[in-house]
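To start, the structure itself, in structure tokens.
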Amino acid sequence: MTARLRPMHQRVRRHLWPPRSGSPHSVPKARSTLRPTVLVFARQPVIGTVKTRLAADIGRVEALRFYRATLAGLLRRLASDRTWRTMLAVTPDHACRAMARTFRVPVMPQGAGDLGMRMRRAAGRQPGPALIVGSDVPDLEASHVRAALAALRRHDFVFGPAADGGYWLAGFGNRRPAGPAMLNVRWSTSAALADSVRSAGPRARVHVLADVLADVDDGGGYVRHLALHSCRHQRGRRAGSAT
């Protein structure tokens, strides 16, 4: 088993920043290669290139600030749990080194192709089960990842449904998706989840999580996000005062 996995590690290592030797994310023994990997798919935060629909409503500077803060917060929450490895999968590819310096986690390029092809490639490069999550879902917590990993022990694919018909998480029990899985999907439409489930094939064991989360794509979503978190903050303060 070790002899079979070594070439894969060597191929992956050429695409990671910073170098993994001596880091807590390194995988020196075959036993630890089965540890799951959580890949956060992200775009380099550059003004005018991220959250363009949101930027049209709230301005490019505020949209950039929101995206950076959401991504940084997500990485902090996920990387604090060593049950899995947390990595960034970045586009464009040349931004890997800059993103590694900024966010202090291992980084790999997404590469070419549509979202399905990039997800298949990223999952296939991991030595064990892989979860792929979006970078713009503010309510995504480590508990959601734990639930997905538990489901992935009994299923080939796991999805976290989004409110708009897409999804905020895709889990791969087999790190090399076979056949047409994740291909021929109508991305950025309300059919994305249904297409992805269908692409897995009739024999695949597919599980859809119960929690429906939303990304923040426009001004309406931004306002709802701020209102929700303001209510949570106020409830937390009242609970603290009561004790």
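Among the listed residues A151, A147, A142, A162, which satisfies the condition of being within 24 Å of T189 (Cα to Cα) and not acidic (D, E)? Only one candidate qualifies: A162. Filtering G160, G173 for residues that are more than 14 Å from Q44 (Cα to Cα), modelled with pLDDT of 95 or more, buried (at least 19 other Cβ atoms within 10 Å of the Cβ) and of a type outside the set (S, T, N, Q) leaves a single hit, G160. Checking V107, V50 one by one, the residue that is buried (at least 21 other Cβ atoms within 10 Å of the Cβ), of a type in the set (V, I, T) and under 13 Å from the mean Cα position of the chain (by Cα) is V107 and no other. Only one of the numbered conditions (1) touching a Leu at 6+ places or on another chain (Cβ under 6 Å); (2) crowded, with 19+ Cβ neighbours inside 10 Å; (3) under 22 Å from V216 (Cβ atoms); (4) not polar (S, T, N, Q) is violated by G116, and that is (3). The condition of being aliphatic (A, V, I, L, M) and touching a Pro at 6+ places or on another chain (Cβ under 6 Å) holds for only one of L149, L169, that being L149.
When you check L74 against the structure, is it in contact with a Ser or Thr (Cβ under 6 Å, 6 or more places away or on another chain) and in a helix (DSSP H, G or I), yes or no? Taking the combined requirement at face value, the residue does not satisfy it. Restricted to segment 69-104, and to residues there that are farther than 20 Å from S143 by Cα and of a type in the set (S, T, Y), the residue that is surrounded by the fewest Cβ atoms within 10 Å (Cβ to Cβ) is T102.
The values are calculated or read from the model by the stated rules, or taken from the named source; none is laboratory data. Just so it is clear, the structure is predicted and the values come from calculations on it, not from any experiment. Counting neighbours? That spans all protein chains shown, and the Cβs are built from the backbone with ideal geometry, glycine included.
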